[in-house]
Each structure stands twice: as structure tokens, then as C-alpha cells.
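Trainee: After the C-alpha cells below, expect a handful of questions from me.
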Amino acid sequence: MHNLKNYSLIIFIYLFLSFPFTSQKNDDIKEAVQLLNKIRKNPSAYSSMVGINLKGIPSTNPLIWNDTLAKVAAKKAKEMATKNYFNHIDKKGYGLNYYINKSGYSLPKEWLDKKSNNFFESICAGDKTPKKGIIALLNDEGVKKHSRAGHRVHLLSISEFYQSNVDIGIGWYSDPNSFYNTYMVVVIARHQW
């Protein structure tokens, strides 16, 4: 009987450690993408929700879910949580362009010339849900001038560079032992250049 208890404890610990604090909640992420697409369709209607006047930002095409980008985003969100950092550049000095391209989502060679290049990622941390993360990114710490709000420019395709980006992947990771508890990575790109 004593051995059975020991085995049960070992199995419980193994299972607990095998399934870390991940929160890649498909429904929550799907709601975040749906919200972002609604805001992209009619930005000014969401000014109050975002906390920034979005009047004057033109409507743009909806984003299409991309599993490859989602896997890259999920891996980055998990890495930030488990390695306790929050940055567009990982601890090895690589930006997300490298990981996007490595995943098979091809990028032009000149966008890979610096290992720290990162043209397609918005990150946030400490938000309770992916939807709240999207709102925080669009608020962009209250920056009122849209051209200076990098996350808003990226998510709403405000600049010419982002207007043809149609693919999206979101990664969400939660770890109560990490500094911010939750980490979200939003990758918006396009496959053909």
C-alpha cells in the first residue's frame, strides 16, 4: 500500500509538471481575433472601449487565422513567461522575423539580415484575457498620435507596410510564477511578398 501511494504521488507530480501553466485558450483567442476584426472594420465605433479616439483610422480587411503564426506566437509567449523576460528580442538576440521564417512562413531575405529584426509582432503582458490584451495594445499606453503608436499601427494596419498583412496568429501563456503572470504575442504578417 505504501508503494502505491508513492507511485500515485509520482504520477501526480509528473502530470502536473507535464502540463505547465499554459493558457492557450482557443475560445478566448478566437474572441480576441473576432474583436480585433470588428475594430479593424469600424475603428471609430470602438474609441470608448479602447480609450483612444480612433476616428479617422480607415476600415481595413479582416485578418485570417494562420496556424503557423499561432505556433510561433505561442512559443514566444511561453518562452517569455518561463524565462522571465518581456522583450521583442529573445535572450539569444533573435527577433521574431527569424522564428517566423524558420517555421516555414517565408519572409524576404533582406528582412532576415539582422537576427534581431522584428517587423510583425506586438506583445503585452499582465492582462487578464486575450481580449483585454488586444484593447491594451490598441490603447498603446495612451499615445494619441496614431503614427507613433506602434502596436496600433501594426494591429489596425495604419501604415502602408502593414496594409497588405492578412494572416494572424496569437499566442497566450499564463504562469502564476512568472513576473507578469500572463503573456500575449500577436503576429500579423502576409505569406506572399
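The values are calculated or read from the model by the stated rules, or taken from the named source; none is laboratory data. Bear in mind that the values here come from a model prediction, so they are computed numbers and not experimental data. Ideal geometry is used to build each Cβ from the backbone, glycine not excepted, and the neighbour counts take in all protein chains shown. Please note that ligands, DNA and RNA were not included when accessible areas were found on the heavy atoms of the full protein model with its side chains. Shrake-Rupley method; radii C 1.70, N 1.55, O 1.52, S 1.80 Å.
Trainee: Looking at the chain, send over the antiparallel percent of its DSSP beta bridges, to the nearest 5.
Mentor: DSSP beta bridges in the chain are roughly 90 percent antiparallel.
Trainee: Could you check how much of the accessible area of the chain is carbon and sulfur, as a whole percent, using a 1.4 Å probe?
Mentor: Carbon and sulfur: 54 percent of the exposed surface of the chain.
Trainee: Along the stretch 116-122, what does the Karplus equation 6.51 cos²θ - 1.76 cosθ + 1.60 (θ = phi - 60°) give for ³J(HN,Hα), rounded to whole Hz, x for Gly and Pro?
Mentor: 8, 4, 8, 9, 10, 10, 10
Trainee: Moving on. Over the stretch 71-149, give the accessible area per residue in Å² for a 1.4 Å probe, as an integer.
Mentor: 55
Trainee: Using the Karplus curve 6.51 cos²θ - 1.76 cosθ + 1.60 with θ = phi - 60°, what ³J(HN,Hα) values do you get for each residue of the stretch 70-77, in whole Hz, with x for Gly and Pro?
Mentor: My calculation for the stretch 70-77 gives 5, 5, 4, 5, 5, 4, 5, 4 Hz in order.
Trainee: Arranged from highest to lowest average of other beta-carbon atoms within 10 Å per residue, in what order do the peptides 159-170, 179-190 appear?
Mentor: 179-190, 159-170
Trainee: Moving on to the next point. Could you work out the percent of alpha carbon pairs in the chain separated by over 20 Å, rounded to a whole number?
Mentor: 57
Trainee: What residues have an amide H closer than 5 Å to that of Ser116, excluding those fewer than 5 places away on the same chain, when H is modeled at 1.01 Å from N in the peptide plane?
Mentor: Under 5 Å from the amide H of Ser116: Gly95.
Trainee: For n ≥ 4 DSSP H runs only, could you compute -39500 (n - 2.57) per run for the chain, divide by its residues and tell me the 222 nm figure to the nearest 500?
Mentor: Result for the chain, helices only: -12000 deg cm²/dmol.
Trainee: Could you order the peptides 109-118, 39-48 from most to least packed, using the average number of other C-beta atoms within 10 Å per residue?
Mentor: Sorting 109-118, 39-48 by mean packing, highest first, produces 39-48, 109-118.
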